[in-house]
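Engineer: Just passing along the structure, written as structure tokens.
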Amino acid sequence: MASTSRALGRLSAPSMGVARLQTQAVSRLLSSAPRRALISESRQVAVTQQIRRAHTETTPLPEPPKERRRFRKLRWLWRAPLFVSLAGIAYVGWGVYEERNPGPQVEPDPSKKTLVVLGTGWGSVSLLKKLDTEHYNVIVISPRNYFLFTPLLPSCTTGLIEHRSIMEPIRTILRHKKANVKFYEAEASSVDPERKVVRVLDTSEIRGDVVETEIPYDMLVVGVGAENATFGIPGVREHTCFLKEIGDAQRIRKKIMDCVETAAFKGQSQEEIDRLLHMVVVGGGPTGVEFAGELQDFFEEDIKKLIPDIADRFRVTLIEALPNVLPSFSKQLIEYTESTFKEEKIDIMTKTMVKRVTEKTVEAEISKPDGTREKITLPYGLLVWATGNAVRPVVKDLMERIPAQKDSRRGLAVNEYLVVQGTRDIWAVGDCAVAGYAPTAQVASQEGNFLAGLFNNMARTEVLEQRVRELSGSLNLAPGNAAEISKEIEEHERQLRRIKDIKPFHYSHQGSLAYIGSEKAVADVSWFNGNLASGGSLTFLFWRSAYLSMCFSTRNRLLVINDWVKSKLFGRDVSRE
């Protein structure tokens with residue numbers, strides 16, 4: 001009994017209820033007969049174990065030290081990536097839903113002005129994206145019915161990215177506008193600023209009874225871009241490949257594989273193999289540099305594995321007339337690019353002018369440091385021309401019709417509001433406009449955004465002015481509401497002053513990016529009042545993320561990511577077609 005009492009005494013207060021019942025049962029059992037006669041020694045051990053087990057089960061565990069509780073917060077860290085992933089999936093899902101389910105559109109109003117936009121490039125599409133189409137009857141005319149994300153075009157030449165991944169149908173873009181926008185797939189052949197009409201021609205392979213017509217306009221935006229400049233060099237247009245459109249990238253891709261397969265043909269001479277596998281790129285700007293880097297990656301990562309017999313004969317040569325490549329980048333990045341190309345065995349020939357191109361050779365002239373010049377002849381299998389812009393025929397025709405444009409040579413001269421000089425209702429954006437900026441996609445995009453804001457303000461101005469005229473006319477007809485009407489007129493006039501205070505177009509340079517091969521890139525990005533220059537593998541990741549964010553739609557982003565992953569896992573597609 002004494003041992004049992006001591007065991008019960010050790011029970012904690014919360015467990016006394018259960019333990020008391022167990023103790024009473026044991027006491028009754030022990031008091032019913034002499035201890036030695038009723039309970040054997042084994043029975044006593046069993047009862048004692050039962051009491052101890054009850055004590056263990058009912059006694060609360062000691063609280064952990066407070067220091068350990070702090071680390072419990074770390075268990076939420078593994079959940080953060082999960083939440084981010086779910087948020088990303090939800091964002092992509094919402095983007096896909098919005099693209100697939102556009103809202104209803106308002107039909108055109110004949111009483112509103114007709115705005116005609118020529119082209120579907122960076123400038124025109126940026127304008128259409130921001131423009132409030134409810135204020136105008138918008139008509140888009142272009143020979144191609146899609147928007148092309150040109151910064152990733154060099155990747156299409158080697159099969160890293162499929163060409164449809166960087167194309168966005170223009171009708172899909174227009175379907176998401178509030179008011180209906182008409183689109184005509186046609187070539188603008190001429191513009192008559194006197195009669196205010198655009199003459200268009202159907203250039204498709206399948207034509208109907210009507211192949212040419214005129215479209216009147218009240219306001220016209222010219223955003224047709226530019227064509228490739230050959231600088232009058234013989235043989236360039238006949239024997240080289242340009243890199244400006246989807247068709248150019250497809251042609252280059254086929255010709256690369258033609259050169260490889262022909263070089264691997266049985267019995268081919270060593271001299272002919274060297275010629276076929278020598279790829280020459282003319283133009284040291286971002287397009288030429290990126291194409292040279294993509295081409296070298298293609299052979300190092302894919303062709304060498306599939307056709308190792310001839311892979312060591314492959315060469316890439318980059319020709320630039322200026323003293324260095326990437327002239328718009330900082331000196332530090334230029335040196336880094338040139339050293340990287342040297343490691344990748346890409347030959348850079350600066351201060352070199354192409355004089356003549358034949359079917360199999362490039363004739364050029366090198367300016368040496370001592371002032372002398374040397375003529376060289378380079379045999380090639382593929383020659384890509386990635387330099388220079390020329391005025392398109394429709395722009396040249398319009399310049400001839402406007403007396404104020406007689407001294408302009410590189411495109412339509414515009415003022416600070418992008419109005420074509422010598423006109424009042426024609427604007428120009430992109431490579432066809434001469435505004436004092438470099439002909440880049442970034443400039444064209446900002447010009448398009450500026451024009452959209454300008455046109456939106458013009459439409460709101462007309463609405464407010466009409467409202468002010470109506471209120472002023474009714475001011476004497478409703479003398480009881482004169483104070484309220486005067487207050488409303490004052491508010492509208494204040495809005496008009498704010499809207500009419502439109503600043504001229506000013507280009508804001510956000511930076512320059514270029515891929516240089518071997519999963520390296522260079523970036524010259526504006527940072528506060530200066531520039532941030534960087535290059536390497538981390539910059540390559542930034543280059544990809546920046547271009548991915550610039551893609552026009554969620555569809556394009558998903559397709560580009562899929563192409564990158566597919567090429568990383570399975571390699572580039574070396575099929576000829």
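The values are calculated or read from the model by the stated rules, or taken from the named source; none is laboratory data. From a predicted model like this one, the values you see are computed outputs, not experimental measurements. Reconstructed Cβ throughout: ideal geometry from the backbone, glycine too, with neighbour counts over all protein chains shown. We work out accessible area using only protein heavy atoms, side chains counted, and drop any ligands, DNA or RNA first. Shrake-Rupley method; radii C 1.70, N 1.55, O 1.52, S 1.80 Å.
Engineer: Could you go through region 272-288 and let me know if any residue there is open to solvent by less than 10 Å² (accessible area, probe 1.4 Å), part of a helix (DSSP H, G or I) and closer than 19 Å to K342 by Cα.
Structural biologist: yes
Engineer: A follow-up question, please. Anything in region 330-345 that is within 27 Å of K355 (Cα to Cα) and crowded, with 17+ Cβ neighbours inside 10 Å? List them, or say none.
Structural biologist: Passing the criteria: I334, T337, E338, F341.
Engineer: Please go through region 213-247 and pick out each residue that is over 22 Å from T157 (Cβ atoms) and without any contact (Cβ under 8 Å) to a residue 60 or more places away in the chain.
Structural biologist: T213, E214, G232
Engineer: Looking at region 291-320 only, could you name the residues that are part of a strand (DSSP E or B) and more than 11 Å from E344 (Cα to Cα)?
Structural biologist: Passing the criteria: T317, L318, I319.
Engineer: Which numbered condition in (1) touching a residue at least 40 places away in the same chain (Cβ under 8 Å); (2) more than 30 Å from T337 (Cβ to Cβ) is the only one that S204 fails?
Structural biologist: It fails just one condition, (1).
Engineer: Same structure again: If you check V210 against the conditions, is it under 14 Å from T114 (Cβ atoms), of a type in the set (V, I, T) and either without any contact (Cβ under 8 Å) to a residue 24 or more places away in the chain or touching a Cys at 6+ places or on another chain (Cβ under 8 Å) (or both)?
Structural biologist: no
Engineer: Specify the residue that is most open to solvent (accessible area, probe 1.4 Å); the eligible residues are those in region 105-125 that are among the β-branched types (V, I, T) and modelled with pLDDT of 85 or more.
Structural biologist: The qualifying residue most open to solvent (accessible area, probe 1.4 Å) is T114.
Engineer: Turning to a different aspect of this structure: Sort out which residues of region 525-577 are touching an Asp or Glu at 6+ places or on another chain (Cβ under 7 Å), in a helix (DSSP H, G or I) and buried (at least 16 other Cβ atoms within 10 Å of the Cβ), and write them in order of number.
Structural biologist: If the condition is that a residue be touching an Asp or Glu at 6+ places or on another chain (Cβ under 7 Å), in a helix (DSSP H, G or I) and buried (at least 16 other Cβ atoms within 10 Å of the Cβ), then F540, T554, R555, N556, D563 are the ones that fit.
Engineer: Can you give me the number of residues within region 523-533 that are in contact (Cβ under 8 Å) with a residue 24 or more places away in the chain and among the polar types (S, T, N, Q)?
Structural biologist: Matching residues across region 523-533 total 1.
Engineer: What are the residues in region 417-457 that are within 20 Å of P216 (Cα to Cα) and open to solvent by 30 Å² or more (accessible area, probe 1.4 Å), if any?
Structural biologist: G422, R424, D425
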